[in-house]
Structures are given as structure tokens and as C-alpha cells.
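Just below is one structure, and these are the notes that go with it.
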Amino acid sequence: MKKLLNLILSMAALNAAGQTNQFAINGQIGNLNGQKVYLSFMTDGKGHEDSTTLVNGAFHFTGRMNPYSSVRLALDHKGAGREIATHGGDILYFNFSNETLNIISKDSLANAQMSGSKTYDEYSAYVKAVGPMPWDIDHISNAEIAAAPELVNDTAFTNSVARHHYKMIADFQRKNLDFAKTHPDSFFAPVALFGTASNEKTVTVAEQVFKTFSPAIQATDNGKTIKEFIDAHYRLKIGGPAPVFTQVNPAGKRLSLADYKGKIVLVDFWASWCSPCRQEIPNLLSQYKMYKDKGFEILSVSLDSSRDKWLKALQQEGMTWPQVSDLNGNNNSVARLYGVSAIPATFLVDRDGKLISTNLRGEDLNHKLAELFN
């Protein structure tokens, strides 16, 4: 589910022809006073953040996108700060460009009405065709569990919730594929297609559908991204060579995967803001301590865009193995090379630089390392 969410959020789509070189977001949330609104978006491969304070319910943002982006607004009702507000609070996601967008609500972003943006209108049409969206599915599943707290340890109940959850995901993927097939000239066709390509069979289907897109759509950032994802799938074969890459560590030194030939290397994609990534770190620390002297190395690639947050997380978690990043967030060049669409993601590479396995975590990783080193 996180994969699909990250895909929707990281890929925006709209023809920017005829638009201005600045955007404006005008909001009115009842008569709230003093609450903060946080803005986050990506443009030119860089993450951008801004914030403002509600005055009699009003807020205003201006800026520039090149030419479009996925945007997240978070309203902090309780003064908890950006980090908490943007992860599970009152959040509004939308695709946007250099236009003027008006947002009106009596009480929250979640209940807001939006107008004035052709980008948002086209995005809404896409959402209507494929919804409920990933975050809606998460909310539905969480609500089902919250409605019956006495059954939270009942295996039959939790399995039923899980079956419903994955059925909704399957429906979402099917509708996305249908949208991509029937809207080859839509700027959201690559967005729809991306979430359906997760294994050899579906990547093959995605490739066939991608070829039906117009040249203009194939040439968009979205089109290039799905093409890179498809290419990465064919490039990353178990037993084949792992793509060699070079990025810089926190000290500015260039590190390459090739530097660690002769060792078994876990290429680990993560970010300071990724909770599942950080939940896995204690296990990585344990495995690193156990096998480092036997020829095991971890090379972590951060999808952070903030150097300060990256370095703070490294210090907090005590990650002593090699770390690299280009600080381009989800647009990290190594992540695109490896077709990473969600994190955490791992690639285990043997001493000759060949791929052993992908997406090993927790006990699965531990068992594989024990097999290799013991």
C-alpha cells in the first residue's frame, strides 16, 4: 500500500502550456486562528517546504513549479509540529501547477472544496475513475479495526480485514490499468500505469500499454519515470550484475558500489521520514555487528531532500555503515536506476557484484545472511 501511495504522490501530470510561471494557493478554513498550515512539493527534482499561520481562517501560499508537482498540505490543529502534522494528521493531497487554486472548508482540509485549477480538475477525474485512493483504503481498514477493538487479537477478524484491504488494492490496480489503457493521451496515464507494474507479468503488460501512449505523454517526466521503472525491472535480474552507481557520503566523499567488490553488500534504500525504514534499523545494526568482520557491508542510499534531517537520523540511529545521497528526495538518481518506487527497499549483492535477492528485511534477511556466512 505504501508503494502505491508513494507512486501517486511522487508523480504529477498536466500539460503546462499557456500557464503562468507562479502558483498561488488561497485558503479559507472556517474562522480558525493561529493554526499552522504546512506545504510540501517537489519541483526540478528538489523538495520544497513552506508554512504559514491561519488568520481568521485564511492562508496564502505563492511559489513556482517547473512545470507541475504533487502537493501536500497539512493543517496542524494542535500545534504538534510539521513532522506529526504531515504524517497522519489533517492532510490534503493534490496535483497542481502554476495556477491559482482556491480551497474552502468549514473546519478542515479533509473536507475542503477546491476550485480554479485545471490541473486539480483533471486529477479529480482520474481519482474518480480509479478510487478509492491508497490513503482512503488505509483509512477504511483502520476504521474497520477501530470499530471492533475487542477483536483486535482475533485472527479470523484480522484476516477478514486484511482480505478486504487487499481486495480494495487489487480493485485499485485493475482500475488504474483500465484507465491507462483507455486514456493514452492523458497526463495521468503514466501515473495510473505505474502502480500496476510490480512483477514480471505486470511489467510486461505495463510495457505493452506504455507503447500505446502518444509520444508527447511518453516524453513527460511521468512517462520517463515509468519507462525507467520498466527498464530497471529487466535490468535487475537475480544472478545478473547489480547496476554500479556513485554518490556522495555526508562528508562529501564519492562512494561507489564498485568500492565494495569482494564483499556481500546490502544496498539499502531508506529515508529519515520513512517509519518502516527506521523500524528496520535495529535489525540492520544487529546483522552488521554479527557479519561485518566476515565480509558483510551495508551501503545505504537516502531518499532525503534535507541534509540536516538525514544527518540527524544517522546520529539518532547510530548507523555506522557507508551512507550516500544526492538529496533529491524521491527523485534520487540511484533509486531511479534501481526502479525503486517505495521504501524501504533492499538489494543483496554478492562478492562478484551480482544480485542475490531483493527486498529482504527482518527475519528473511537474517536467514539469508546466516545461510551465506555460516
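The values are calculated or read from the model by the stated rules, or taken from the named source; none is laboratory data. Treat the numbers as computed from the prediction; the structure is a model and nothing was measured. With ideal geometry, Cβ positions are generated from the backbone for all residues, glycine too; neighbour counts draw on all protein chains shown. Side chains are part of the model used for accessible areas, which takes the heavy atoms of the whole protein and leaves out ligands, DNA and RNA. Shrake-Rupley method; radii C 1.70, N 1.55, O 1.52, S 1.80 Å.
Using only Cα atoms and rounding to the nearest 10 degrees, what angle (0 to 90) does helix 118-130 make with the longest principal axis of the chain?
60
Summing +1 for each Lys or Arg and -1 for each Asp or Glu, what net charge is found among the other residues whose Cβ lies under 14 Å from the Cβ of Gln315? Intermediate values should be presented prior to the final figure.
Numbers: positive: Arg278, Arg307, Lys309, Lys312; negative: Asp304, Asp308, Glu317.
My count for the surroundings of Gln315 gives +1.
Give me the aspartates and glutamates in straight-line cross-link reach of Lys201: C-alpha distance below 18 Å, same-chain residues under 8 apart excluded.
Asp171, Asp178, Glu228, Asp231
Given the pairs Lys106/Lys167; Lys78/Lys289; Lys175/Lys309; Lys289/Lys312; Lys175/Lys224, which span a C-alpha to C-alpha distance of over 31 angstrom in this model? Walk me through the numbers before you get to the answer.
Numbers: Lys106/Lys167 34 Å; Lys78/Lys289 41 Å; Lys175/Lys309 37 Å; Lys289/Lys312 22 Å; Lys175/Lys224 22 Å.
Distance filter (> 31 Å) returns Lys106/Lys167; Lys78/Lys289; Lys175/Lys309.
Classify the range 133-272 from the C-alpha gyration tensor, please: rounded if a/c falls under 1.5, else prolate or oblate depending on whether a/b exceeds b/c. Walk me through the numbers on the way to the answer.
On the way: a/c = 2.28, a/b = 1.25, b/c = 1.82.
Oblate is the answer for the range 133-272, as a/c is 1.5 or above yet b/c matches or exceeds a/b.
Using Cα atoms only, what is the angle between the long axis of helix 200-210 and the major principal axis of the chain, expressed in degrees (0 to 90) to the nearest 10?
In the chain, helix 200-210 runs at an angle near 40 degrees to the longest axis.
Out of the range 304-374, which GluC sites (Glu not before Pro) are coil in DSSP terms and have no more than 16 other C-beta atoms within 10 Å? Working shown, then result.
Details: sites: Glu317, Glu363, Glu371; in loops: none.
Counting only loop positions with at most 16 other Cβ atoms within 10 Å, none of the GluC sites (Glu not before Pro) in the range 304-374 qualifies.
Is the C-alpha gyration tensor of the range 22-92 telling us rounded, prolate or oblate? Criteria: a/c under 1.5 is rounded; beyond that, a/b larger than b/c is prolate, otherwise oblate.
On the way: a/c = 2.58, a/b = 1.45, b/c = 1.78.
Note, shape of the range 22-92 comes out oblate.
Given the options Ala216, Ser256, Thr182, identify the residue whose Cα lies farthest towards the positive end of the charge dipole of the range 161-258 (+1 on Cβ of Lys, Arg; -1 on Cβ of Asp, Glu).
Ser256
For the chain, report the accessible area per residue in Å² (1.4 Å probe, heavy atoms, rounded to an integer).
On the way: 17610 Å² over 374 residues.
Ligands and nucleic acids excluded, the figure is 47 Å² per residue.
Taking K and R as +1 and D and E as -1, what net charge do the other residues with C-beta under 11 Å from the C-beta of Ala242 add up to?
Values: positive: Arg235, Lys237, Lys261, Lys354; negative: Asp350, Asp352.
Computed value for this residue: +2.
By how many degrees, 0 to 90 and rounded to 10, does the Cα axis of helix 275-291 deviate from the longest principal axis of the chain?
Helix 275-291 sits roughly 10 degrees off the main axis of the chain.
Residue by residue through the range 174-179, what is 3J(HN,Hα) from phi via Karplus (6.51 cos²θ - 1.76 cosθ + 1.60, θ = phi - 60°)? Round to whole Hz and write x for glycine and proline.
Along the range 174-179, the couplings run 5, 5, 5, 5, 4, 5 Hz.
Of the accessible area of the range 106-226, with the probe set at 1.4 angstrom, what percent is carbon plus sulfur? Spell out each step's value before the answer.
Working: 3550 of 6430 Å².
Accessible surface attributable to carbon and sulfur in the range 106-226 totals 55 percent.
Assign unit charges at the C-beta atoms only (+1 for Lys and Arg, -1 for Asp and Glu), then state the dipole size of the range 164-277 relative to its Cα centre in Debye, rounded to the nearest 20. Can you show the working numbers first?
Details: 14 positive and 10 negative charges, 55 e Å.
Once rounded to the nearest 20, the dipole reads 260 debye.
Out of all DSSP beta bridges with both ends in the chain, state the antiparallel percent to the nearest 5. Mind dumping the intermediate values first?
Numbers: 45 of 60 bridges.
Rounded to the nearest five, the antiparallel share is 75 percent.
Filter the trypsin sites (Lys or Arg not before Pro) in the range 293-374 down to the DSSP loop ones having no more than 16 other Cβ atoms within 10 Å, then list what survives.
Loop-located and lightly packed - Arg351.
Here are some values of semi-axes √(5λ) of the Cα gyration tensor in Å: (i) 35, 25, 23; (ii) 33, 24, 20; (iii) 58, 30, 17. Which one was computed from this structure?
It is the one labelled (i).
Averaging sequence separations of C-alpha pairs under 8 Å and six or more residues apart, then dividing by the length of the chain, give the relative contact order as a whole percent.
Working: 667 pairs, mean separation 53.6, N = 374.
The normalised contact order for the chain reaches 14 percent.
Compute the Cα gyration tensor for the range 182-257, then decide on rounded, prolate or oblate, letting a ≥ b ≥ c be the square roots of its eigenvalues: rounded whenever a/c is under 1.5, prolate when a/b is larger than b/c in the other cases, and oblate in all that remain.
Numbers: a/c = 3.24, a/b = 1.73, b/c = 1.87.
Taking the square roots of the gyration eigenvalues as a ≥ b ≥ c, the range 182-257 is oblate.
Tell me the net charge near His164. Cut-off is 14 Å between Cβ atoms, His164 excluded, with +1 for each Lys or Arg and -1 for each Asp or Glu.
Numbers: positive: Arg163, Lys167; negative: Asp136, Asp138, Glu144, Asp171.
Neighbourhood net charge equals -2.
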